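*Asks:* Got a structure for you, written out below as structure tokens; questions coming shortly.
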Amino acid sequence: MRVLFIASPGIGHARPMRPMLRVFGEAGHEVAAAVSDRLPATLFDPSVPLFAKRPDRFPTNPLPRGPERVAWWREHNLAMARESLADSLDVIRSYTARTS
């Protein structure tokens, strides 16, 4: 079985994938991961194929706490989610084509 793990940008999203990648790999499955290329290369075992994933970082909110900050996050998270979904689909297509 082929298993592709895809994470949002940020080490806190990618790090929990490591044990699952290891377990699936040890069970004989082909594994790969799609993560931000800003993450340290040493985060994953070198045998795990990595795909670069957009967005490569979370935006920084410039506003103080309050309704304006909430509205800013709503707008930017929606844009980031759309970009992430589109890129995830591209990564899946690339992974499928590469391993077929």
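Quick note: the coordinates plus some simple rules give every number you see, no bench work behind them. Remember, predicted model here, so these are calculated numbers, not experimental data. Every residue, glycine as well, gets a Cβ built from its backbone with ideal geometry; the counts of neighbours run over all protein chains shown.
*Asks:* Any chance you could give the angle, 0 to 90 degrees and rounded to 10, that helix 67-99 forms with the longest Cα principal axis of the chain?
*Replies:* Long axis of 67-99 versus the principal axis of the chain: about 20 degrees.
*Asks:* At most 16 other C-beta atoms within 10 Å and a DSSP loop state: those are the exposed trypsin sites (Lys or Arg not before Pro) I care about. Give me the longest piece of the chain that has none. Can you show the working numbers first?
*Replies:* Working: sites that count: ARG38, ARG57, ARG65.
Excluding the exposed sites themselves, the longest stretch runs over 1-37.
*Asks:* Counting other Cβ atoms within 10 Å, keep those with at most 13, restrict to DSSP loop, and tell me which chymotrypsin sites (Phe, Trp or Tyr not before Pro) in region 15-90 are left. Before the final figure, lay out the partial values.
*Replies:* On the way: sites: PHE24, PHE44, PHE51, TRP72, TRP73; in loops: PHE44.
When the chymotrypsin sites (Phe, Trp or Tyr not before Pro) of region 15-90 are filtered for loop state and at most 13 Cβ neighbours within 10 Å, nothing remains.
*Asks:* While we're here: Hey, what do the phi angles of region 10-20 turn into as Karplus ³J(HN,Hα) couplings, whole Hz, using 6.51/-1.76/1.60 and θ = phi - 60°, x for Gly and Pro?
*Replies:* Listing the rounded values in order: x, 5, x, 8, 7, 4, x, 6, 4, x, 5 Hz.
*Asks:* Further, regarding this structure: Under a plain spin-label model, where a point goes 7 Å from the Cα along Cα-to-Cβ, how far apart in nm are ARG82 and LEU50?
*Replies:* 2.9
*Asks:* Now for a separate question. Amide H of ALA34: which non-local residues (sequence gap of 5 or more, or other chain) have their own amide H closer than 5 Å, using H built in the peptide plane?
*Replies:* Counting only residues 5 or more places away or on other chains, the set is PHE5, ILE6, ALA7, PHE51.
*Asks:* Let me ask you something else. Can you compute the modelled spin-label distance between SER8 and PHE24, with each label point 7 Å from Cα toward Cβ, in nm?
*Replies:* The answer from the label model is 2.0 nm.
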